[in-house]
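Participant: Input: one structure, supplied below.
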Amino acid sequence: MAASIAQFCVKFLPKRLQLMHQQTSCWLWRRGRGKITHTHFSSSSSLNQPKQLKHVINYQRTRAEVARALRKKQNFLHHEMVDKHRASPLQSGTEQVSEEKGEGAPREYRYVMPEFLPNPDFQYRDKVLEKMERRDMLRRRAVIDIPEFYVGSIMAVTVSDPYSSGKTNRFVGICIDRGGRGLKAYFVLRNVVDGLGVEVMYEMYNPTVHSIQVLRLEKRLDDQLYYLRNAPLEHSTFSFDMQPVTLPRDVPVPVNTTKVKLNPKPWEYRWERFNLKGIEPLPLTPKMEKGIKEHAKPWEDYDLMLKYRQTVNEDEERSIMAEVYQENTRIDAGRKSSRAVLRRKK
Amino acid sequence: MASKSVMTLGVRPLSHSFIGSTPSAIYLGTNSVCVQQVRHRRFPKFVVRPTARRPWHVRKWTEKRDETLDASNEQFVKEVIIDKYANTASSPLKDGPWERHSYLRETRRSGVLALKLGTLLHWKKDGTPFTVTVLQVLDNHVINYVPPEVYATYPSHNPHQGLRFGLQVVGSLSCDPRQFSKPYNNLFLKAGVPPKRWLTRFLVTPDAAIQPGTALDVNHFKVGDYVDTQGRTRDYGFQGVIKRWGMKGMPKSHGTTKSERKMGATGGGGDKDGIWKGKHMPGMMGNYLRTMYGLKICRINTRYNLLYLAGVGVPGLPHTFIRVSDTVLPRKQRTEEQMSQVSMPTSFPEDLVEPLPEEIFTDDVFQFTEPSLQLEAEDS
């Protein structure tokens, strides 16, 4: 074999040439392997062979040329580069947004006001835009009281309605979903009116909203309660004359652990695939079990990169929430003092 | 096909060669060029991205570094740069300020170079929601002005326009001059401002020319104006025919193999055989220059230099450079009242009698400090 002869000869070469040989032997081995595969021999020495070079770099190019070729030609700037320009001493005429470094918010505050957290996708981040949006939201919150609520809370919303007789409309229902970021934040209420299920989506910062009131503050076991559409109507029926239930201060929000029994099929979605906790166990057919198995994604619980991409950086979240918390406490204090003044006047 | 392309070739003669020979014929009216209109042109015929810069553009970036600098020198050089530019930025105007004119119907002002930040949701005072696009006018300076007579000798000059327009070069985002080449840095000597990351040029009438070195900010526009925004769309790279042209592809089953996302036939037979020019095929998608016309400015933030445009369609991802200028749409020109309030050629800080408020809104936009919308109950 050519390869073994070459290895034998190499022992008599100086060290520098021996290193060179390692690359040439790779070529020789590839030629030899082709013969072996033709005669159906199994090569036991394949593990000892050096790895092949896959990528060949063209050293004829200058460093600058390589750098230019590798640079991604984008037609937009990275948001960190823009922030650098804003903070540059050469820049003038535009003020910088201030970072909040005061008293931090409690850790669970992001669940109280999730709409203040920005889009985690870095392509859509911008410090100035987020700050302006937060300022507008807090201004609106100073005008109307948007209380703490969760999916599963019973709420009453009054909006101005040009088609109703009194020009306002009040709706009571259970919050079955909550979403959106920034000024686009929304929630969905569900109730039964005249035997028909009704769902209304409200934008939280819409100027037509007059008041948002939480009648019963509680959570459910799931993040979305759209399965109430396929449950008996009694689970989503709430009286419009319901009186608000006040919780004592500093008590954790109670979790309603009722289990809903779904109607028999047909359903709007295949609820058995959603891993719902708020419904009674479903009678599963073999076909349903097969579908659950096919569509399950158990690896997502361990996908750290997925979680990283879907959440905002913890430091940024802390500074944002500190700003929101301070502003909210200031607004609340103003409300209380104004109420006290009113009482004194009476 | 052949005759059409010959006619389109004849539209642009080399104007500077004419001018060099006969100085009396500097004004090239429409009679000196072919204005035959060509119908049924397919657009775009084909898109080829230029691999080389225009020959008259200077080289921008450089990789050269002074290796002898150590950390202390580095700090010193930075201080020198800041001293040179930041502390003298207020007085680059060696010759006196230029004469100012009043705004006329045929005036075309310079624009600004803004960064797209993203979109927000806003409401009108009657409760109607609409989307706003937010742009930031960051660190803009006028770099150069080329009068019409000189611009007429440029290869990029359009002879249809004759001597109507001059060139106004505007730059955005000041940078460290060491990363740029020397010819690029020399472009900014006249204006006395640090070299800019991005340059663009606007066609302006001579009465709206701005002196180089002047800073542009958001007060160049007023609330209620309509603007055109131009920029590069999002770069998708090489894309297939379904994403690029919206073709249907083929069925995913029933015996189809390996052609679910392919195009079908490329041409007919007989008279119409062969692949016609402009056939929709896979290729580079995005990164086109696109213009969104006639967006209304509904809100202005003078502190952070933000423009809120009512509407969507401003091209590109966030942090794309956008050219913003007065609209060319005839129906959205300024009214007589607005024309008297235009800042010509741009707004100067010494013009302001009293400082502007931080936020300026149009009358129909809901401000978030206002109370909720109340409707009057009808008495009847």
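Participant: Restricting the search to the range A:202-225, which residues are of a type in the set (Lys, Arg) and in a strand (DSSP E or B)? Spell out how you get there, then give the answer.
Facilitator: Let us first name the residues in the range A:202-225 that are of a type in the set (Lys, Arg), namely A:216, A:219-220.
Scanning the range A:202-225 gives A:Arg216, A:Lys219.
Participant: A:Met201 versus (1) within 11 Å of chain B (Cβ to nearest Cβ); (2) more than 21 Å from A:Arg110 (Cβ to Cβ): which is the lone unmet condition?
Facilitator: It fails just one condition, (1).
Participant: Sticking with this structure for a sec: Within the range A:152-199, can you find the residues that are polar (S, T, N, Q) and either in contact with a Lys or Arg (Cβ under 8 Å, 6 or more places away or on another chain) or not in a strand (DSSP E or B) (or both)?
Facilitator: If the condition is that a residue be polar (S, T, N, Q) and either in contact with a Lys or Arg (Cβ under 8 Å, 6 or more places away or on another chain) or not in a strand (DSSP E or B) (or both), then A:Ser153, A:Thr158, A:Ser160, A:Ser164, A:Ser165 are the ones that fit.
Participant: Only one of A:Thr246, A:Thr258 is part of a loop (DSSP other than H, G, I, E, B), over 30 Å from B:Lys125 (Cβ atoms) and in contact with a His (Cβ under 9 Å, 6 or more places away or on another chain); which? Spell out how you get there, then give the answer.
Facilitator: Details: A:Thr246 fails: in contact with a His (Cβ under 9 Å, 6 or more places away or on another chain).
Within the list A:Thr246, A:Thr258, the selection yields A:Thr258.
Participant: Taking the condition more than 8 Å from chain B (Cβ to nearest Cβ) and assigned to a helix (DSSP H, G or I), does A:Lys131 pass? Break it down into steps so the answer makes sense when it comes.
Facilitator: Numbers: more than 8 Å from chain B (Cβ to nearest Cβ): yes; assigned to a helix (DSSP H, G or I): yes.
Yes: the conditions hold for A:Lys131.
Participant: Select from the range B:116-135 the residues that are assigned to a strand (DSSP E or B), at the interface with chain A (Cβ under 7 Å from one of its Cβ atoms) and in contact (Cβ under 8 Å) with a residue 24 or more places away in the chain and write down the one among them that is surrounded by the fewest Cβ atoms within 10 Å (Cβ to Cβ).
Facilitator: B:Leu120
Participant: Any residue that is surrounded by fewer than 22 Cβ atoms within 10 Å (Cβ to Cβ), in a loop (DSSP other than H, G, I, E, B) and not aliphatic (A, V, I, L, M) - is there at least one of those in the range B:182-195?
Facilitator: yes
Participant: Name the residues in the range B:225-248 that are aromatic (Phe, Trp, Tyr) and either assigned to a loop (DSSP other than H, G, I, E, B) or in contact with a strand residue (DSSP E or B) (Cβ under 8 Å, 6 or more places away or on another chain) (or both), would you?
Facilitator: B:Tyr226, B:Tyr236, B:Phe238
Participant: What pairs can you find where one residue is in the range B:346-366 and more than 23 Å from B:Leu113 (Cα to Cα), the other is assigned to a loop (DSSP other than H, G, I, E, B) and small (Gly, Ala, Ser), and their Cβ atoms are less than 8 Å apart, with a gap of 6+ or different chains?
Facilitator: B:Phe366/B:Gly127
Participant: When you check B:Gln211 against the structure, is it within 14 Å of another protein chain (Cβ to nearest Cβ), among the polar types (S, T, N, Q), out of contact with any helix residue (DSSP H, G or I) (no Cβ under 9 Å at 6 or more places or on another chain) and surrounded by 14 or more Cβ atoms within 10 Å (Cβ to Cβ), yes or no? So that I can check it myself, show each step before the final result.
Facilitator: Numbers: within 14 Å of another protein chain (Cβ to nearest Cβ): no; among the polar types (S, T, N, Q): yes; out of contact with any helix residue (DSSP H, G or I) (no Cβ under 9 Å at 6 or more places or on another chain): yes; surrounded by 14 or more Cβ atoms within 10 Å (Cβ to Cβ): yes.
Against the criterion (within 14 Å of another protein chain (Cβ to nearest Cβ), among the polar types (S, T, N, Q), out of contact with any helix residue (DSSP H, G or I) (no Cβ under 9 Å at 6 or more places or on another chain) and surrounded by 14 or more Cβ atoms within 10 Å (Cβ to Cβ)), B:Gln211 does not qualify.
Participant: List pairs: first residue in the range A:183-197 and within 14 Å of another protein chain (Cβ to nearest Cβ), second residue assigned to a strand (DSSP E or B) anywhere in the structure, Cβ distance under 6 angstrom, at least six positions apart or on different chains.
Facilitator: Note: pairs meeting the criteria are A:Leu183/B:Leu120; A:Leu183/B:Leu121; A:Lys184/B:Leu121; A:Tyr186/A:Met201; A:Tyr186/A:Glu203.
Participant: Select from the range B:188-199 the residues that are in contact (Cβ under 8 Å) with a residue 40 or more places away in the chain and within 13 Å of chain A (Cβ to nearest Cβ) and write down the one among them that is farthest from B:Glu79 (Cα to Cα). Walk me through how you get there before you give the answer.
Facilitator: Here is the first cut: in the range B:188-199, the residues in contact (Cβ under 8 Å) with a residue 40 or more places away in the chain are B:188, B:190-194, B:196, B:198-199.
The next check asks that each one be within 13 Å of chain A (Cβ to nearest Cβ); those that pass are B:188, B:192-194, B:196, B:198.
Working: B:Phe188: 19, B:Gly192: 17, B:Val193: 16, B:Pro194: 14, B:Lys196: 18, B:Trp198: 23 Å.
Ranking the qualifying residues of the range B:188-199, first place goes to B:Trp198.
Participant: Collect the residues in the range A:272-305 that are part of a helix (DSSP H, G or I) and within 19 Å of the chain's Cα centre (by Cα), keeping them in residue-number order.
Facilitator: Initial filter on the range A:272-305 (part of a helix (DSSP H, G or I)): A:272-273, A:286-295, A:298-302, A:304-305.
Across the range A:272-305, the qualifying residues are A:Pro298, A:Trp299, A:Glu300, A:Asp301, A:Tyr302, A:Leu304, A:Met305.
Participant: Being touching a Gly at 6+ places or on another chain (Cβ under 6 Å) and either modelled with pLDDT under 90 or not polar (S, T, N, Q) (or both) is the filter here; which residues of the range B:233-272 pass it? Don't jump to the end; show me each part of the working.
Facilitator: So the first thing to find is which residues in the range B:233-272 are touching a Gly at 6+ places or on another chain (Cβ under 6 Å), and the list is B:233-236, B:242, B:260-261, B:267.
Correct list: B:Arg234, B:Asp235, B:Tyr236, B:Ile242, B:Glu260, B:Arg261, B:Gly267.
Participant: Follow-up question, since we're still on this one. What is the number of the single condition among (1) within 14 Å of another protein chain (Cβ to nearest Cβ); (2) modelled with pLDDT under 95 that B:Tyr154 does not meet?
Facilitator: Status for B:Tyr154: all satisfied but (1).
Participant: Considering only the range B:217-260, state which residues are on the phi > 0 side of the Ramachandran plot and either free of Cβ contacts under 8 Å to residues at least 60 places away in the same chain or touching a Lys or Arg at 6+ places or on another chain (Cβ under 6 Å) (or both).
Facilitator: Matches in the range B:217-260: B:Gly237, B:Gly246, B:Gly249, B:His254, B:Gly255, B:Lys258.
Participant: Additional query: I need a count of the residues in the range B:286-301 that are of a type outside the set (Gly, Ala, Ser) and modelled with pLDDT under 95.
Facilitator: Just the residues of the range B:286-301 that are of a type outside the set (Gly, Ala, Ser), to begin with: B:287-293, B:295-301.
Subsequent filtering for residues that are modelled with pLDDT under 95 retains B:287-290.
Residues in the range B:286-301 being of a type outside the set (Gly, Ala, Ser) and modelled with pLDDT under 95: 4 in total.
Participant: Now a separate question. Show the residue pairs meeting these rules: Cβ distance below 7 Å; 6+ apart or different chains; first residue within the range A:251-271 and without any contact (Cβ under 8 Å) to a residue 24 or more places away in the chain and surrounded by 11 or more Cβ atoms within 10 Å (Cβ to Cβ); second residue outside any loop (DSSP other than H, G, I, E, B) and of a type outside the set (Val, Ile, Thr).
Facilitator: A:Arg270/A:Gly291
Participant: Report whether or not B:Asp139 is within 14 Å of chain A (Cβ to nearest Cβ), under 25 Å from B:Arg290 (Cβ atoms) and acidic (Asp, Glu).
Facilitator: For B:Asp139, the condition - within 14 Å of chain A (Cβ to nearest Cβ), under 25 Å from B:Arg290 (Cβ atoms) and acidic (Asp, Glu) - is met.
Participant: Tally time: how many residues in the range A:156-197 are closer than 21 Å to A:Gln243 by Cα and exposed (fewer than 15 other Cβ atoms within 10 Å of the Cβ)?
Facilitator: Counting residues in the range A:156-197 that are closer than 21 Å to A:Gln243 by Cα and exposed (fewer than 15 other Cβ atoms within 10 Å of the Cβ) gives 2.
Participant: Being in contact (Cβ under 8 Å) with a residue 12 or more places away in the chain and assigned to a loop (DSSP other than H, G, I, E, B) narrows it down to one of A:Asp145, A:Asp241, so name that one.
Facilitator: Answer to the check: A:Asp145.
Participant: For the range A:142-165, which positions are touching a helix residue (DSSP H, G or I) at 6+ places or on another chain (Cβ under 7 Å) and more than 9 Å from chain B (Cβ to nearest Cβ)? Full working, then the answer.
Facilitator: First, pick out the residues of the range A:142-165 that are touching a helix residue (DSSP H, G or I) at 6+ places or on another chain (Cβ under 7 Å): A:142, A:148.
Once the filter is applied, which keeps residues that are touching a helix residue (DSSP H, G or I) at 6+ places or on another chain (Cβ under 7 Å) and more than 9 Å from chain B (Cβ to nearest Cβ), the range A:142-165 yields only A:Glu148.
Participant: Would you mind telling me which numbered condition in (1) surrounded by fewer than 19 Cβ atoms within 10 Å (Cβ to Cβ); (2) of a type in the set (Gly, Ala, Ser); (3) away from every other protein chain (no Cβ under 14 Å) A:Ser211 fails?
Facilitator: Just one mismatch for A:Ser211, condition (3).
The values are calculated or read from the model by the stated rules, or taken from the named source; none is laboratory data. Source: prediction; values computed, not measured. Please note: Cβ atoms are built from the backbone with ideal geometry, for glycine as well, and neighbour counts cover all protein chains shown.
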